[in-house]
Amino acid sequence: MTDLVQPPLPPRVRHALPADLPRVAELAAEHADYERAVPPARLLMDAVTAEALALGLDEVQWQTPSWNEGAITFYDRLGASSKERLRFTLRPGTGSAG
């Protein structure tokens with residue numbers, strides 16, 4: 001006879017209580033300090049470039065909308081260069097092939 005293995009029980013979750021608020025505020029402050037020290041976007045780009053090097057790639061490309069000034073500033077600080085790109089759209093039934 002085979003012993004059945006029971007799956008672990010999910011963690012118990014409860015609603016926050018007023019007494020929880022000081023700890024929640026403390027955790028939020030710790031998280032904010034961590035993100036200021038090492039922004040998640042920087043961690044992501046470091047991981048992407050490390051993977052590109054491991055794969056032997058010469059270049060990594062991505063895009064961002066021209067109105068996203070925060071991202072553009074971030075990419076400039078990384079030392080990335082931008083290339084102009086044209087984007088086209090065509091609504092079905094309005095163009096002709098050929």
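Against the definition (at pLDDT 85 or above, in a helix (DSSP H, G or I) and touching a Phe, Trp or Tyr at 6+ places or on another chain (Cβ under 7 Å)), how does Ala47 come out, yes or no? For Ala47, the condition - at pLDDT 85 or above, in a helix (DSSP H, G or I) and touching a Phe, Trp or Tyr at 6+ places or on another chain (Cβ under 7 Å) - is not met. Answer yes or no as to whether Ala32 is small (Gly, Ala, Ser), part of a helix (DSSP H, G or I) and either modelled with pLDDT of 85 or more or within 30 Å of Leu86 (Cα to Cα) (or both). So Ala32 does not fit the description; no.
Anything in the range 10-19 that is over 29 Å from the mean Cα position of the chain (by Cα) and either in a helix (DSSP H, G or I) or at pLDDT below 80 (or both)? List them, or say none.
Filtering the range 10-19 down to residues over 29 Å from the mean Cα position of the chain (by Cα) leaves 17-19.
Result: Pro18, Ala19.
The values are calculated or read from the model by the stated rules, or taken from the named source; none is laboratory data. This is a predicted model, so every value here is computed, not measured. So basically every Cβ, Gly included, is an ideal-geometry build from the backbone, and we count neighbours across all protein chains shown.
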